[in-house]
Amino acid sequence: MARVLIVDDEPNILLSLEFLMQQAGLEVDTAETGESALAKIDANPPDLLLLDISLPGISGFDVLERLREQPATRQLPVVMLTAHGREVEKEKGIALGANDYITKPFSTQELVARIEALLGNNNRLE
Amino acid sequence: MPPRQHLLGLWLLLTGVLLFSGVGVLLWLDSALKLAAAQRTTIWLLCLLPGVLALVIGMLLEKRLFRPLRQFQVLLARLVAAPDAQSDFPLDGWLSPLQPDLDQIREGWRGDRERTRIAHDEGAAHAAYIQQELEGLLQILDLPLLICDEHQRLLLFNPAARTLFHDQPALGLGRQVSQLLPHTSLSEALHHLPTDGTPRQLLLPGDTRWLRCELRRLDARHGGALIVLHDTTHELEAGQRWRRALAELLPRLRGHTGSMHSAVEALLQAEDNVELKHRLVQAISEESRNLAQRVGELTRLVESQQLSQSALEDTWSNDLFQALQERLATQSIKLTAIGIPVWIRVDGPALLAMLELLILRLSASLNTHSLDVEVLLGNHRVYLDLIWAGSPVSEQLLNQWRTLPLFDDALSPKVSDVLNQHDADLWSLMRKPEARACLRLPVPSSLRGSAPRSTDAELERPEFHDFSIADLPPPDTVQAGTPLTQLEMIVFDTETTGLNLRGGDRIISIAACRIINGRLLAQDSFDQLVNPQRDIPATSTSIHGLRNEDVANAPPIDIVLPRFNQYVGSGVLVAHNAAFDLLAVRMAGDECGLTFDMPVLDTLLLSRALDPTFEGHGLDALAERFQLIFPPGTRHTALGDARVTAELLLALLPRLRARGVNTLEDALALQLRVELENKR
């Protein structure tokens, strides 16, 4: 079973997403800050990261940058999650190495489809 | 002619010597010779005669020749310095036969001047007409404009520019644009403007405001440029406030919507997990609360933005009513404006159309052809009441009216649109005190307070342009060689707490006016009271009339002096008895780190140089001599004295020129010579 780490500082969305991803057949772990997410990835790397941009402390972009700097996590699929609808942020996320980008609010179906596509891709790469 | 004292001394000495030597000779003869009584009398007479003759001839010469000569000298000086002075005195003594010739010369000189003036006036009348038309246009133009020549000296600014720079002493004709707007980008852009007149845009940041300016090269002889200014501080701030608020609010809205959306999806799939369902319902309730709050914030933001963005302008209520009355007169409806007019902030044309429509409806439904209208100040708004005798109209009817289009057009705005635009509504009620009904429309009030400025243009004709400045030598020309008539001169005067500057006396008032191109600018002055931060002695108050309470609220010298320095700019300083005023200014400058080391002309020294034989070179004596007039109550005020000093300087200039003193260098040399002679 593929394992997903969801990073978001809103407890309500974490609660819903955790349950919905589990329903979609994924193993789920959660983190509320960038720092704790990095620690969790270090200890036990997930198969995919669902990363919110606005986080207290270091931002989602910072987390992404650090992941791409390290060989161990350079290939880790990352889906950026954001409440900003600006096209330029999407560009920035992709430029910094995000694999996909999804804007709040989103439908679970769409999110799951993207995650599955990425996991499939990654599997094929391996 | 030697000074009066010298002549007097010489005469007394001669008389004395002759008398005493006569007496000496007499005593010697008397002792050496044995004289008969008749011989003695003759010898007495012979010995004393030279002395007595010298005494009498001297008196005669003084009365009949020297005094008239001195009068003649004053008359000549006055004729040159103040040709139109009217109070002339007649020549007397042996010069009185010259009176008709002098009168002839004077009349001829005045007649010539008068004829020249008439010719000049006639020639200028046509130009003045065009000038007046253009000035009128510039006066009412709200857009601040500056015109500078190729050396970036100001040739013109309009009243809107004066309003924009009201706190800047550096705004003045002939001043460098860089003194007013010290931005390198501006002066470079002015240097490199395209010759075909295409405009360049610049944004000039400042401490308190941002100016957007448009620069355009003018196809004029002076090769200068037009600068159109626009204070964008308010727009930029309002725009930034709105964007910042929106940038903060929108992600939060999306965030809460996202959380809620996901929670609903999760709830739909939760089936029989009761504990999860409970937490999800809690999450949904919390997020919907957050969402409602954010939507409220967004609504307020959009409304305030609409209000600030729409074309609402400050309008004088009476102007609006007058336009409305004219429209209604054609429909035989009489509208009477009552109460006190105020400024309101409205979209005039839209409001006019809506009020006309509402009044026509009111008139039809109330069956009246006469209504009153009044504006009342509310807390943050102004109530616009349409008043009639009778009872209020129903809310149901008003609801119908809200949906009415303003014009017969499918795209026409409705009454409700105009109301929304003004963030307003309509309701009808009884006005308590007078038992009449009204239709009340609350509209935004304006921040403006006073009544609109009088449109009588004759009241104020400030000097805001002088294109002859462009003919002056470039500003980097060495000042020393500049003709006095082309110099920018700042004539100043100070009032102080006393005369002992080194002993702690301080400036309490400083004023200055500007001479440019040999003209004293009437509207261009600097006049500031200064709090000396010490008591003003009563003896000093008796001279200038300033009391402690007059200067209690004035700024201290370290605020005033930098502004004075800005006003002086690169001009030459002028004062009467400059040594005193300059010491006052330089000592104050030492305290606030400013140096005043520009050349200084002193009208006292110049006057002494021109008329060494005259007695009295004080400001009062000179004003009297050249018939310069202090407006009532301005003597011993800094500005009054500075203005008379300026006029005095202008009166001395032709006489200096007649003696070959043409440039600043010449005048300074002349001044120095007098100073050294005085010291000797």
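Residues in region B:613-626 that are surrounded by 15 or more Cβ atoms within 10 Å (Cβ to Cβ) and not in a helix (DSSP H, G or I): B:PHE614, B:HIS617, B:PHE626.
Scanning region B:572-583 for residues that are crowded, with 23+ Cβ neighbours inside 10 Å and either within 22 Å of the chain's Cα centre (by Cα) or not charged (D, E, K, R) (or both) returns B:VAL574, B:ALA575, B:HIS576.
Annotation note: of A:LEU20, A:LEU15, the sole residue that is within 13 Å of chain B (Cβ to nearest Cβ), more than 13 Å from the chain's Cα centre (by Cα) and in contact (Cβ under 8 Å) with a residue 40 or more places away in the chain is A:LEU20.
Tallying residues that are among the aliphatic types (A, V, I, L, M) and in contact with a helix residue (DSSP H, G or I) (Cβ under 9 Å, 6 or more places away or on another chain) within region B:364-388 yields 7.
Selection of strands (runs of 3 or more DSSP E) fully inside region B:324-387 by the criterion of at least 3 residues being buried (at least 18 other Cβ atoms within 10 Å of the Cβ) and assigned by TED's automatic domain parsing to the domain that holds B:LYS414 returns B:343-346, B:370-377. Given (1) in a loop (DSSP other than H, G, I, E, B); (2) surrounded by 16 or more Cβ atoms within 10 Å (Cβ to Cβ); (3) more than 14 Å from every other protein chain (Cβ to nearest Cβ), identify the lone condition not met by A:GLN75. For A:GLN75, the failing item is (2). Annotation: B:ALA266 fulfils all but one of (1) crowded, with 17+ Cβ neighbours inside 10 Å; (2) away from chain A (no Cβ under 14 Å); (3) in a helix (DSSP H, G or I); (4) not hydroxyl-bearing (Ser, Thr, Tyr); the unmet one is (2). Taken over region B:198-242, the criterion of being part of a helix (DSSP H, G or I) and surrounded by 14 or more Cβ atoms within 10 Å (Cβ to Cβ) is satisfied by B:THR233, B:GLU235, B:LEU236, B:ALA238, B:GLY239, B:ARG241, B:TRP242.
Filtering A:GLU65, A:GLU110 for residues that are in contact with a strand residue (DSSP E or B) (Cβ under 8 Å, 6 or more places away or on another chain) and more than 15 Å from A:ILE6 (Cβ to Cβ) leaves a single hit, A:GLU110. The residue pairs whose first member lies in region A:45-64 and is farther than 14 Å from A:ASP29 by Cα, whose second member is modelled with pLDDT under 90 and polar (S, T, N, Q), and whose beta carbons are closer than 6 Å, counting only pairs six or more residues apart or on different chains, are A:ILE53/A:THR82.
To keep it simple, each residue is scored yes or no on (1) out of contact with any strand residue (DSSP E or B) (no Cβ under 9 Å at 6 or more places or on another chain); (2) at positive phi; (3) open to solvent by 50 Å² or more (accessible area, probe 1.4 Å).
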position	(1), (2), (3)
B:LEU155	no, no, no
B:PRO159	yes, no, no
B:HIS183	no, no, no
B:LEU186	no, no, no
B:HIS192	no, no, yes
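Just so you know, in region B:227-263 the residues that are farther than 30 Å from A:LEU14 by Cβ and among the β-branched types (Val, Ile, Thr) include one that is farthest from the other protein chains (Cβ to nearest Cβ), and it is B:ILE227. Restricting the first member to region B:316-328 and to residues that are more than 15 Å from B:VAL375 (Cβ to Cβ), and the second to residues that are modelled with pLDDT of 90 or more and assigned to a helix (DSSP H, G or I), the beta-carbon pairs closer than 6 Å and six or more apart or on different chains are B:ARG327/B:GLU356. Taken as a whole, the condition of being without any contact (Cβ under 8 Å) to a residue 40 or more places away in the chain and hydrophobic (A, V, I, L, M, F, W, C) applies to B:ALA623. Of these, B:THR184, B:THR208, which one is in the same structural domain as B:HIS151 (by TED's automatic domain parsing) and either in contact (Cβ under 8 Å) with a residue 24 or more places away in the chain or among the basic types (Lys, Arg) (or both)? Every option except B:THR208 fails the conditions. In region B:234-254 there is no residue matching the filter, namely being among the acidic types (Asp, Glu) and more than 24 Å from B:LEU301 (Cα to Cα). Among the residues of region B:115-152, those that are among the charged types (D, E, K, R), part of a helix (DSSP H, G or I) and open to solvent by 80 Å² or more (accessible area, probe 1.4 Å) comprise B:ARG115, B:ARG117, B:ASP121, B:GLU122, B:GLU133.
One line per residue, one yes/no per condition, for (1) open to solvent by 40 Å² or more (accessible area, probe 1.4 Å); (2) touching a residue at least 60 places away in the same chain (Cβ under 8 Å); (3) assigned by TED's automatic domain parsing to the domain that holds B:LEU652:
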{"residue": "B:LEU65", "(1), (2), (3)": "yes, no, no"}
{"residue": "B:LEU69", "(1), (2), (3)": "yes, yes, no"}
{"residue": "B:ARG78", "(1), (2), (3)": "no, yes, no"}
{"residue": "B:ASP88", "(1), (2), (3)": "yes, no, no"}
{"residue": "B:ARG106", "(1), (2), (3)": "no, no, no"}
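B:GLU303 meets each of the listed conditions (1) away from every other protein chain (no Cβ under 11 Å); (2) free of Cβ contacts under 8 Å to residues at least 60 places away in the same chain apart from (2).
The values are calculated or read from the model by the stated rules, or taken from the named source; none is laboratory data. Quick caveat, the model's predicted, so the values are computed rather than measured. Positions of Cβ are generated from backbone atoms using ideal geometry, with glycine treated the same way; all protein chains shown enter the neighbour counts. Side chains included, ligands, DNA and RNA excluded: accessible areas come from the protein's heavy atoms. Shrake-Rupley method; radii C 1.70, N 1.55, O 1.52, S 1.80 Å.
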